[in-house]
Amino acid sequence: MQLFLLLLLSNSSISDANDRVNETNNNFDLAQIIRSIALIYTDDKLDPEVEEYINHQPEIIWEDNAYVYLWGMNVKTDNPYETGKEILEKLLEEDKLYEYEQHPLELGFLNDYPLYQTPENDLLCKKHEKECIEKILKNKKNVDLLLSGYGFYKSRYITFLSFHHFSQIADTRMESAIPSFSTISIAQKIYHISLLQKLDNITNPLLNELNQLKNLLKQADTLIAKMIVLSLIDENIELFNYLYQKGISNLNTETNQSKFKPLSSSEMSLYKAMYEEHSKWMKMLFDWTSDINRLVKPKKNRTPFTQGIIRLLYFFSSKPNLTVNTQYNGIVKHLLRITKLPPKLFYQEYLLFNNNVQQDQIRNYTGHMLMSYSNGDYLVYQARVFDIDMKLQLMRLIIHSESIDNLKINNNYLSSYDQTIPFKEKDKWCYSGIAKMFPEFRCLNIY
């Protein structure tokens, strides 16, 4: 009997203990579920380094700035710089008043500034097109007509080159207006066309232009400005190449060494432009993912209930801090580091670099979707700078060799990327490279 009672008490105790364990497990499971839900719906803290980065405010430079002049460069005005400054001051004022959908940017005032019509003329060709320069030299009537209508761009281009700074102002939003960068390209082409009318005096103006363009390349603080200046340098070198091969210029070995020297490290660096570009973009990204009204637009075929559900889903699946933290630590920091590398190390890093950083699809589906469409191959921009530097090297090699058909290649004229020699491709000499766009940046025509 005692043994039976003992067994009964033991079973009862075991049963009570099991009940307590089950209750504890249930409570633990519930706590875990609550914590998991909280983790999914709660945003991360914003990294201090990231916060400082997205709140970075670039210096506004009003004096001696080619960007200010650019805004007035194609305006019918006697003072393009003051006109450009006036336009930018109004854009900054609009930017201060901006509130999403409540006070959008009012850009109608730009219509108050009459613009010169963009010329359409087949003489405004790109000089890497082999027939371009010959076409200009053989069409004097067409040249005279073009210069009589748009010759003023020659002096405006010379003025543009003279500025020390090339620093952006007022372009801080997706809706922001930008100046007509194509105007610079048109003005340069007209400047070159006018120079080609006096071949005896063409070398020094072109050398001066090249030096001034190198300064603007160093000073430009946006990627688009950098790429525009690179295209201007490309045009300059192509014209030099034609003149040298045709025996028109008086380039010699001494000029080669002093005037066609490689780009300096500051001229090649995209660090500042990449820093400013991504800081601006990440601030826009943060603002967009922080505002449900930007993410979910009302649609006519949606009921208020459906719209509310969609807004709720976006609210829970959007993590602004997590998005910019991941973007900065996963890509931007590495991009900025790689832009400081010399070409050979850059090339090695480029081959390994992965620009598809993975956002947390469960906690941050909205950020995942946004970033999957925005991470372009930004390193290609740096590659284009190195390509232009190799084009300068190719020009030095042609002058050094004194013959386009028999290049005297030595270790001073190898590819900056992989130490390979230039190769002949159809009617061009080229270096191998990375950037698929603008392959002409690392090639020169054979005339």
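The values are calculated or read from the model by the stated rules, or taken from the named source; none is laboratory data. Since we're looking at a predicted model, the values are computed, not measured. Cβ sites come from the backbone with ideal geometry, for glycine too, and all protein chains shown count toward neighbours.
Within the set of pairs 6+ apart or on separate chains, which have a first residue in segment 163-190 that is in contact (Cβ under 8 Å) with a residue 40 or more places away in the chain and hydrophobic (A, V, I, L, M, F, W, C), a second that is outside any helix (DSSP H, G or I) and surrounded by 24 or more Cβ atoms within 10 Å (Cβ to Cβ), and C-beta atoms under 6 Å apart?
Once the first residue is in contact (Cβ under 8 Å) with a residue 40 or more places away in the chain and hydrophobic (A, V, I, L, M, F, W, C) and sits in segment 163-190, its partners that are outside any helix (DSSP H, G or I) and surrounded by 24 or more Cβ atoms within 10 Å (Cβ to Cβ) give F166/A220.
Output the number of the condition that R311 fails; it satisfies all remaining conditions of (1) touching a helix residue (DSSP H, G or I) at 6+ places or on another chain (Cβ under 6 Å); (2) charged (D, E, K, R); (3) at pLDDT 95 or above.
(3)
Condition first: among the β-branched types (V, I, T), under 23 Å from E101 (Cβ atoms), assigned to a helix (DSSP H, G or I) and in contact (Cβ under 8 Å) with a residue 24 or more places away in the chain. Can you find one or more residues in segment 337-347 that meet it?
no
So which helices (runs of 4 or more DSSP H) are wholly in segment 183-281 and hold at least 1 residues that are under 23 Å from the mean Cα position of the chain (by Cα)?
Filter on segment 183-281 gives 203-219, 223-245, 265-268.
Being polar (S, T, N, Q), surrounded by fewer than 18 Cβ atoms within 10 Å (Cβ to Cβ) and either at pLDDT 95 or above or under 31 Å from the mean Cα position of the chain (by Cα) (or both) is the filter here, so list the residues in segment 408-424 that pass it.
Across segment 408-424, the qualifying residues are N412, Q419, T420.
Just the residues that are surrounded by 14 or more Cβ atoms within 10 Å (Cβ to Cβ) and outside any helix (DSSP H, G or I), please, taken from segment 286-330.
Across segment 286-330, the qualifying residues are D291, V296, R302, S318, K319.
Determine the pairs where a residue that is part of a helix (DSSP H, G or I), located within segment 385-400, has a partner that is among the basic types (K, R) and buried (at least 22 other Cβ atoms within 10 Å of the Cβ) with Cβ atoms under 8 Å apart, the partner being 6 or more residues away or on another chain.
V385/K226; D387/R442; I388/R442; M390/R442; K391/R442; L394/R442
Which one of these does K300 not meet: (1) more than 24 Å from F286 (Cβ to Cβ); (2) modelled with pLDDT of 85 or more?
(2)
Mind checking which residues of segment 331-355 are of a type in the set (S, T, N, Q), more than 22 Å from H368 (Cα to Cα) and either in contact with a Cys (Cβ under 6 Å, 6 or more places away or on another chain) or surrounded by fewer than 15 Cβ atoms within 10 Å (Cβ to Cβ) (or both)?
Q348
What are the pairs, 6+ residues apart or on separate chains, where a residue within segment 413-437 that is over 12 Å from F346 (Cβ atoms) has its Cβ under 9 Å from a residue that is among the β-branched types (V, I, T) and buried (at least 18 other Cβ atoms within 10 Å of the Cβ)?
W429/I398
Any residue in segment 58-76 that is in contact with an Asp or Glu (Cβ under 8 Å, 6 or more places away or on another chain), under 22 Å from N215 (Cβ atoms) and at pLDDT 95 or above?
yes
How many residues are part of a helix (DSSP H, G or I) and among the acidic types (D, E) if we restrict to segment 160-182?
0
Yes/no per residue for (1) among the hydrophobic types (A, V, I, L, M, F, W, C); (2) over 31 Å from the mean Cα position of the chain (by Cα):
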| site | (1), (2) |
| --- | --- |
| M395 | yes, no |
| S401 | no, yes |
| N406 | no, yes |
| K426 | no, yes |
| Y431 | no, no |
